[in-house]
Amino acid sequence: GAGVSQSPRYKVAKRGQDVALRCDPISGHVSLFWYQQALGQGPEFLTYFQNEAQLDKSGLPSDRFFAERPEGSVSTLKIQRTQQEDSAVYLCASSFLAGGSTDTQYFGPGTRLTVL
Amino acid sequence: AQKVTQAQTEISVVEKEDVTLDCVYETRDTTYYLFWYKQPPSGELVFLIRRNSFDEQNEISGRYSWNFQKSTSSFNFTITASQVVDSAVYFCALSEGFKTIFGAGTRLFVKA
């Protein structure tokens with residue numbers, strides 16, 4: 001079956017622009033996660049959804065970052081007024097079970113965001 | 001605070017050598033999960049193993065094996081008879097609640 005997909009795969013933004021990154025999880029997966037991966041680093045947790053409920057957003061670096069999953073499937077990560085330090089790969093992952101990250105997560109290919 | 005340390009930044013081996021990737025973690029929880037993921041050059045993280053804190057049995061899957069030592073808070077990963085296709089970045093991760101904490105990764109180069 002289809003895995004986790006993300007779009008766009010690459011995004012170049014000018015400083016100050018808003019961007020929206022999309023994640024299509026595996027069908028039927030309850031949990032959805034967003035991570036930020038800087039070059040040469042491990043993924044850093046941003047936020048977690050259980051169905052449409054955002055249960056943990058403690059990793060969002062600032063109020064410029066906003067995520068939603070209104071119907072419990074597709075999710076969008078929005079970054080307002082992008083800054084150069086936002087340049088990173090943004091990874092989405094989904095898992096079958098509810099309750100957070102104790103279950104195996106399946107990752108998408110990521111969106112590489114470059115802010116000029 | 002929880003933490004995952006992968007002290008080896010890069011390892012380079014020749015094909016057919018065995019290689020062990022170290023992972024040390026810190027947590028105050030009695031129940032937790034540990035993971036290993038592989039990130040090949042294509043960039044997509046691939047799940048390798050999931051282990052809960054109550055199961056200290058070592059596991060073997062083909063050329064891969066994992067050694068979980070709760071007493072030393074370590075969860076090391078060994079690749080036997082390495083192959084060029086094993087070249088990737090490997091991440092150890094610790095889970096608690098909604099979050100997953102990843103280590104910084106170990107980049108493995110396997111030369112032919």
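Across the stretch A:1-28, the qualifying residues are those that are surrounded by fewer than 20 Cβ atoms within 10 Å (Cβ to Cβ) and over 21 Å from A:Thr114 (Cα atoms), and the one among them that is modelled with the lowest pLDDT is A:Gly1.
Among the residues of the stretch A:73-116, those that are more than 25 Å from B:Pro40 (Cα to Cα) and either without any contact (Cβ under 8 Å) to a residue 24 or more places away in the chain or over 16 Å from the mean Cα position of the chain (by Cα) (or both) comprise A:Arg81, A:Gln83, A:Gln84, A:Leu97, A:Ala98, A:Gly99, A:Leu116. Highlighted here are the strands (runs of 3 or more DSSP E) found entirely within chain B that include at least 1 residues which are more than 10 Å from chain A (Cβ to nearest Cβ), over 30 Å from A:Gln6 (Cβ atoms) and of a type in the set (Phe, Trp, Tyr): B:64-69. Scanning the stretch B:1-16 for residues that are touching a strand residue (DSSP E or B) at 6+ places or on another chain (Cβ under 8 Å) and either more than 13 Å from B:Asn76 (Cβ to Cβ) or acidic (Asp, Glu) (or both) turns up B:Ala1, B:Gln2, B:Lys3, B:Thr9, B:Glu10, B:Ser12, B:Val13, B:Val14, B:Glu15. The residue that is nearest to the other protein chains (Cβ to nearest Cβ), counting only those in the stretch A:39-56 that are farther than 22 Å from A:Phe96 by Cβ and in contact with a strand residue (DSSP E or B) (Cβ under 8 Å, 6 or more places away or on another chain), is A:Gly42. Scanning the stretch A:67-86 for residues that are surrounded by 17 or more Cβ atoms within 10 Å (Cβ to Cβ) and in contact with a Lys or Arg (Cβ under 9 Å, 6 or more places away or on another chain) yields A:Ala67, A:Ser75, A:Leu77, A:Ile79, A:Thr82, A:Asp86.
In the stretch A:88-116, the residue that is nearest to A:Gln37 (Cα to Cα) out of those that are more than 12 Å from chain B (Cβ to nearest Cβ) and surrounded by fewer than 19 Cβ atoms within 10 Å (Cβ to Cβ) is A:Thr114. Within the stretch A:49-74, the set of residues being closer than 17 Å to A:Ser5 by Cα and in a strand (DSSP E or B) comprises A:Phe49, A:Ala67, A:Glu68. Residues that are out of contact with any Ser or Thr (no Cβ under 8 Å at 6 or more places or on another chain), closer than 25 Å to A:Ala38 by Cβ and free of Cβ contacts under 8 Å to residues at least 24 places away in the same chain were ranked within the stretch B:1-60; the one that is surrounded by the fewest Cβ atoms within 10 Å (Cβ to Cβ) is B:Ser42.
Entry remark, the stretch B:61-77: residues being small (Gly, Ala, Ser) and surrounded by 13 or more Cβ atoms within 10 Å (Cβ to Cβ) number 3 in total.
The values are calculated or read from the model by the stated rules, or taken from the named source; none is laboratory data. Treat the numbers as computed from the prediction; the structure is a model and nothing was measured. Cβ atoms come from the backbone with ideal geometry, glycine included; neighbour counts cover every protein chain shown.
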